[in-house]
Amino acid sequence: TVNGVEYTRAVEARLLLSDFLRHELNLTGTHVGCEHGSCGACTILLDGQAVRSCIMFAVQANSHALTTVEGLTPDGDLKQLHPLQNAFREKHGLQCGYCTPGFLMTLIPFLAENPNPSEAEIRDAISGNICRCTGYQNIVEAVTLAAQVMQA
């Protein structure tokens, strides 16, 4: 199940989950950066936990619930962004945007487990995601804002 929709596909055993999402399901918000699980661009949620889709096979996702960045908006309505997405926009937590989906998907379970994080906790949570553009400060500010909005 991906973003609440059940899919049935026969795939090669060696097909990566990131490639399945992008090429079979046309969910291109999941980006592929390093293809080694190091950069975080391909992060999605597997049963609510952040995982790197570029180092998983599609067959490993069988019988699991996946959420991609496309699944953050209610019914795909881009006028109703998730509070974290709005905070990234408001605080300029993105520049080129390539890494942004991975950051968002990393931070969703983080904020669920830690609704009032300190700056140090936020920096630790995003330490596995690489951004070459922002310098991270605006991302930290966006997460702080999102946490405040989500608590209200």
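Key figures for this structure:
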| quantity | calculated |
| --- | --- |
| Any hit, region 126-134, residues being of a type in the set (Ser, Thr, Tyr), in contact (Cβ under 8 Å) with a residue 24 or more places away in the chain and assigned to a helix (DSSP H, G or I) | no |
| Any hit, region 73-82, residues being among the hydrophobic types (A, V, I, L, M, F, W, C) and buried (at least 16 other Cβ atoms within 10 Å of the Cβ) | no |
| Output for region 1-53, where each listed residue is closer than 11 Å to Leu66 by Cα and among the small types (Gly, Ala, Ser) | Gly4, Gly48, Ala50, Ser53 |
| Residue check, Asn138 over 27 Å from Gly4 (Cα atoms) and assigned to a helix (DSSP H, G or I) | yes |
| Subset tally (residues that are of a type in the set (A, V, I, L, M, F, W, C), under 12 Å from the mean Cα position of the chain (by Cα) and closer than 16 Å to Asn62 by Cα) for region 24-52 | 4 |
| Candidate set: region 28-66, residues that are among the aliphatic types (A, V, I, L, M) and assigned to a helix (DSSP H, G or I); chosen: the one most open to solvent (accessible area, probe 1.4 Å) | Ile55 |
| Lone qualifier among Ser38, Ser53 - being of a type in the set (Ser, Thr, Tyr) and touching a strand residue (DSSP E or B) at 6+ places or on another chain (Cβ under 7 Å) | Ser53 |
| Counted residues, region 6-27 - those being of a type outside the set (D, E, K, R), part of a loop (DSSP other than H, G, I, E, B) and surrounded by fewer than 14 Cβ atoms within 10 Å (Cβ to Cβ) | 5 |
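One line per residue, one yes/no per condition, for (1) out of contact with any Pro (no Cβ under 9 Å at 6 or more places or on another chain); (2) of a type in the set (S, T, N, Q):
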{"residue": "Gln49", "(1), (2)": "no, yes"}
{"residue": "Ser63", "(1), (2)": "yes, yes"}
{"residue": "Asp77", "(1), (2)": "yes, no"}
{"residue": "His82", "(1), (2)": "no, no"}
{"residue": "Phe88", "(1), (2)": "yes, no"}
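The values are calculated or read from the model by the stated rules, or taken from the named source; none is laboratory data. In this text the structure is predicted, and so the values were computed from the model without any measurement. No Cβ is skipped: glycine too gets one built from the backbone with ideal geometry, and neighbour counts run over all protein chains shown. Areas reflect the complete protein model, heavy atoms only, side chains present, ligands, DNA and RNA absent. Shrake-Rupley method; radii C 1.70, N 1.55, O 1.52, S 1.80 Å.
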